[in-house]
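The values are calculated or read from the model by the stated rules, or taken from the named source; none is laboratory data. Predicted model, so just to flag it, every value in this text is computed and none were measured. Protein only, heavy atoms only, side chains kept; ligands, DNA and RNA dropped before computing areas. Shrake-Rupley method; radii C 1.70, N 1.55, O 1.52, S 1.80 Å.
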Amino acid sequence: MKNSYKRVDAHLSSLGYCTRSEAKLFLKKNLVRIDGVRVLDPTKKAYHTQITVENEPLDAETITILMNKPSGVICSHDDAGELIYALLPLRYQGRNPKISTVGRLDIDTTGAILLTDDGDLNHRLTSPKSTVSKIYEATLATPLRGDEAEIFASGKLMLNGEKKPLLPAKMEMLLPTKVRLEICEGKYHQVKRMFGAVGNKVIALHRVNFDVYSVEELAFGEFMIIAI
Ligand code: URA
């Protein structure tokens, strides 16, 4: 685990407690201690683990969150509309480096999404080489025709615009118009395009799991910090 040694104002601003220029006032208004001794000088240096704010340890230096994404929010920092980051506490929104989603879910897709400020982790999980499992429940416009599971499992399905076929995916029918689908890659609009390729249309999409992380216990918009 990281334990940076730097100025108190640098700790506070990178963790979103205040900006660097607000640090002096923040220290005046809040009980910030280094090894139990109150600090008022923002330039004082300390290790992350030495500092408390109002008797609480500082937030972790890197943070990874599992959220149950509601419909209608956008996985982007700069699109117009309601952004997923607005669902996080203000302090998390002020962190630098910024917390970003690990990949994206479409605006109308709900379910498991990780958010992290750990750039290496994000890169590893979203790299084209990553084979992290993602499990979706998809509701379809028309009943299954019967050959979809075999086509998805074949490792031969080519989506328009892709150079290689998709990796084998596991599909299980829940209802004639509802499936559970496990994929281990993350192409753009992959699930919707897969059903488009077999003459159907996804009308609702929920990601139940990202890797081992399930959102079963979380309401839409709720999140938990995870150790990964
Ligand atoms: N596949 C899609 O089509 N949309 C998503 O949001 C995720 C996977």
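Among 81, 119, 94, the residue with the largest mean-square fluctuation in a Gaussian network model of the chain, with springs joining Cα atoms closer than 10 Å, is 81. In the elastic network of the chain, a GNM with C-alpha springs shorter than 10 Å, the most mobile of 155, 36, 103 is 36. Counting only protein heavy atoms and a probe of 1.4 Å, the accessible surface of the chain is 53% carbon and sulfur.
Could you state the accessible area per residue of region 134-210 in Å², with a 1.4 Å probe and every protein chain left in place? Intermediate values should be presented prior to the final figure.
Working: 4200 Å² over 77 residues.
Per-residue accessible area for region 134-210 comes out at 55 Å².
From the square roots a ≥ b ≥ c of the eigenvalues of the alpha-carbon gyration tensor of region 5-57, which class results: rounded (a/c under 1.5), prolate (a/b over b/c), or oblate?
Working: a/c = 1.41, a/b = 1.16, b/c = 1.21.
Rounded.
Sort 101, 177 from largest to smallest accessible area, using a 1.4 Å probe on the heavy atoms of the protein chains. Mind dumping the intermediate values first?
Details: 101 15, 177 45 Å².
Final ranking, largest accessible area leading: 177, 101.
Rolling a 1.4 angstrom probe over the protein heavy atoms with all chains in place gives region 5-57 an accessible area of 58 Å² per residue. Pairs 69/156; 98/192; 2/187; 69/98: which exceed 22 Å Cα-Cα? Flagged as over cut-off: 69/156; 98/192; 2/187.
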